[in-house]
Amino acid sequence: MADKQESFESFEFDLQPIRGFPELRWTGKRPFTGTQYFPAQRKETYGDSSDGWSNKLYWGDNLQVMSHLLRDFRGSISLAYIDPPFDSKADYKKPVKLKSANAKGDHSAFEEKQYGDIWSNDNYLQFIYERAILLRELLKDNGYLFVHLDQRKIHHVRSLLEEVFSPSAFKHEIIFKRRHGHGDAKTLGTVHDTILVFCKGNEGTWNPTYEPYSEDYISTYYRYSDDDGRKWLSRSTTAPGGRGPSYDWNGHTRAWRYTEVNMQKLHDDGRLYYTENGMPRYKQYLDEMPGLPISSLWTNLQFVDSWSGENTSYPTQKPEELLERIIHSTTNPGDLVFDCFMGSGTTQAAAMKLGRKFIGADINLGAVETTVHRLNKRREEIESGQADLLDAQDVPRHYTGFEVYNVNNYDIFRNPVEAKELIKEAMELQPLPTSSVFDGQRDQFLVKIMPVNRIATRQDLNEVINGMDFKAYERRQAEAPSKIVDRIMLVCMGHEPDIGPELVKAAKPFNIEVEVVDLIRDKANLHFKRQSDAKLVIKDGHLEIAGFYPLNLLQKLSMDTDAVEDWRQLVETIKVDWNYDGAVLSPELIDAPEKDALVTGRYPIPEDASTIRVKITDLLSESWEGEIENG
C-alpha cells in the first residue's frame, strides 16, 4: 500500500498547440495539463508471475487509475484499446436470476444496471479529452491507440484525438460490422462501429494479418488442381513484379512475395511447367498462401451471440476475435497492452492468449468480477495446454498470473448507477422539489451529489451555478449585508483541489459558504450498502459454508432469507485462501461453476492450512469476506 505522502506527487503534461488545423471546441473546455498520484491497494492475486511480471486489474475511476500508473508505466504501453461509452442515451443492464432450483419468492430474476451512458455533450467531450491525454502519456513513442465508437460521437472524437496526438498520428479508420440486419424498415440499418487508429510516433509495430480467401476468390483464381486435389493458380515467370516464392536455407517455401523467380528451384519442386506455346509458368498453391491482407473493412468477424461460448452476459461485450486481430497486428509477444474501459475483459483474455502482458481497469465492480472469472478460466486453459489456444500463434511465453487492485480506496459503491440513492439514504438528506438541481438538504446546506464515477471537476459546477437562486440572494443580502446568503455542500468521490473556491468565486458578489465532502476520505461515519452475512464452520476436516445471506440481492429479488431453497442459488463464485497473510487474498481454491450449476459449499482442508479466508461473490458481484482459523 502506498504511503500517504505519495498522494501529493503530481505529473505535468506538455500539450503543445498544433497550428494549421481546426480545433474542436465545447462549452467549458478546460486544458488538462497535470494530475496527481493516487495510491492503489493490492487486494487479490491469482496464479504465478512470469519473469517477475504479474498482470494487473484495477477497480476504480480510470482517470485515477491512469494517474496512478504514470509513475511506473509512463511511456511503456505498446497498445491501448478502449471501448468507451458511446453517449448512446441508454442504461446498460445485465440479467440477474437465481441459479438452478426454483425459489419461493415472487421474483426470481431482474435486470441490474451496469452503467449509464447518458451525457451532456460537453461533459462527454471533456471526459474523453482528459483520458486521451493520459493515454498519450502512457503510450510508448511508437505505441498505438485504438478507439472503438459508433456513429454518434466518432467525428467529434477524431477531431479531439488529432488535437491531442496531432493530425499526422491518425493512421486508420476501421469499419467493424457488428451485427446483421435491423428492425426498423423506415431507416438504414446501423450495423457497424468505427475504430479509430492513432500511432503516437511515425511508425509502430505492424505484423501482417490475413483473412481467409472467400469461396468466390478461390473459384475465380485457383481454378487448377493437381491429381491429389491440391489447388493452384498459374503464375508467369517473366512478368515484371510478378509474385514468386522465397526459399529459406533448407530449400523450403517460406512465403510468397514479390521477388526474382528461381527457375531451377521451381523445376526441382515440380512447380514449373510450360504452356502449349512453350512459355514457362509455375504453380502457386492455395495451401501455402496466408490469405488476403486485412483491409480497413472488417466484416468477417464472429458476433457475440447469446449462444456464443464466450458470451459473459455483459452488455456491450465485443468478440475476442476482434481483439486478437488488433493485438496481433500491432504488438509482439511480451509487449504491454492496456484497456481502461475493461468491461467483460475481452482485451485481457485475448492478450493472455497471445502472450502479451496486460493492464485493465473499470469503474464497475461487475466488470472486474466478470473479468477475474474469465481470466481464471483462460489461465486454466493455457496451463492445461489446450490446443485451440496454443496452436493459433507462435507464443514463446504466456503471462497468466494477475493481481487485482483498488485505486484510492474506491470500495464504497458496488454499482455507481445506484450511488446517488445510497448517498441520499446514508446522509439522511431531506427531499427537495423535483425541479431543484440539488439532491436534498442537510441541516442548513443544499446538497449536490457530484458524479461518482470520476473525480469532480470545475466543469461539473456549471449545473450547480445554474441552480443558484440569485434573486433570493439579492433579497437576503439586502436584509442582512454581512451574512451568508446560502450554504452549499458538494458530495464527491475525489475532486480538483480548487472546486470549492471556484464555486464561491462564481457566486460573487454574493457571499456563500461551500463545504466539500469527499466520500473517499470522509466515509467513516457513513454506511452505504446493506451488508451480506455468512457463516463458516470446520467439520470433519472440511470447510463448510453453513449459510449465506446477501441482503441487497435478496431485497432486489423481493425475497426473505428463508424464501430461497438453497443459498447456493445466490452465489456466483467462492474463493478460498487456505493461508491468508492478512492483506492480500490469494485463492488456492476457486469454485466458479458454469451457468446454472451451483457451488459446492463444502471443501476438504489441506493439512498445512492456517488462517482460512473465504470470499463469496453473489449474483450482483457483491462480495462477503470472512475468515476462520484451522485448528
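Since every read-out is calculated from the coordinates, none of them should be taken as a lab result. Everything numeric in this text was worked out from a predicted model, so none of it was measured. Here Cβ is always computed from backbone atoms with ideal geometry, including for glycine, and neighbour counts include all displayed protein chains.
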Length gained, Gln264-Ile175, 0.36 nm per residue minus C-alpha separation, equals 27.6 nm
When Thr27, Thr457 are arranged by how many other beta-carbons sit within 10 Å of their Cβ, fewest first, they go Thr27, Thr457
Simple SL model, points at 7 angstrom along Cα→Cβ for Gln477 and Glu288; separation in nm is 8.6
Under the Karplus relation with 6.51, -1.76 and 1.60 and θ = phi - 60°, whole-Hz ³J(HN,Hα) for region 532-538, x at Gly and Pro, equal 7, 9, 8, 10, 10, 9, 10
Each label sits 7 Å from Cα toward the beta-carbon; between Ser436 and Asp227 the label points are separated, in nm, by 9.3
Length gained, Ile484-Ser558, 0.36 nm per residue minus C-alpha separation, equals 22.0 nm
Note: region 532-629, point scatterers on Cα, Debye, no solvent; log10 I/I(0) at q = 0.13, 0.15 Å⁻¹ equals -0.43, -0.57
With a Förster distance of 30 angstrom and the Cβ-Cβ distance between Glu211 and Ser234, calculated FRET efficiency to the nearest 0.05 equals 0.80
Treating every alpha carbon of region 416-518 as one equal point scatterer without solvent, the Debye formula yields log10 I(q)/I(0) values at q = 0.13, 0.25 Å⁻¹ of -0.46, -1.50
In the structure shown, of Lys43/Lys539; Lys265/Lys353; Lys424/Lys556, the pairs separated by more than 30 angstrom at the C-alpha atoms are Lys265/Lys353
Computed from the beta carbon distance with a Förster radius of 51 Å, FRET efficiency for Arg30 and Asp533 to the nearest 0.05 stands at 0.65
Scalar couplings 3J(HN,Hα) for region 129-140 by Karplus 6.51 cos²θ - 1.76 cosθ + 1.60 (θ = phi - 60°), nearest whole Hz, x for Gly and Pro, are 4, 5, 6, 5, 5, 5, 4, 4, 5, 7, 6, 4
Taking placed amide H atoms and a strict 5 Å upper bound, the residues 5 or more places from Leu536 or on another chain that come that close are Ala546
Counted neighbours (other Cβ, 10 Å), sorted fewest up, put Met493, Met427, Met263 in the order Met263, Met427, Met493
Sorted largest first, the Cα spans of region 135-189 on the principal axes come out in Å as 47, 18, 16
Distance in nm between Glu9 and Leu188 label points, each 7 Å along Cα→Cβ, equals 5.0
Expected sort for Arg454, Arg230 with the fewest Cβ neighbours (10 Å cutoff) up front is Arg230, Arg454
Taking placed amide H atoms and a strict 5 Å upper bound, the residues 5 or more places from Val96 or on another chain that come that close are Phe110, Glu111, Glu112
Contour minus Cα-Cα span, Ser49 to Asp394, at 0.36 nm per residue, comes to 122.1 nm
So the FRET efficiency between Leu297 and Thr600, C-beta based with R0 = 51 Å and rounded to 0.05, is 0.60
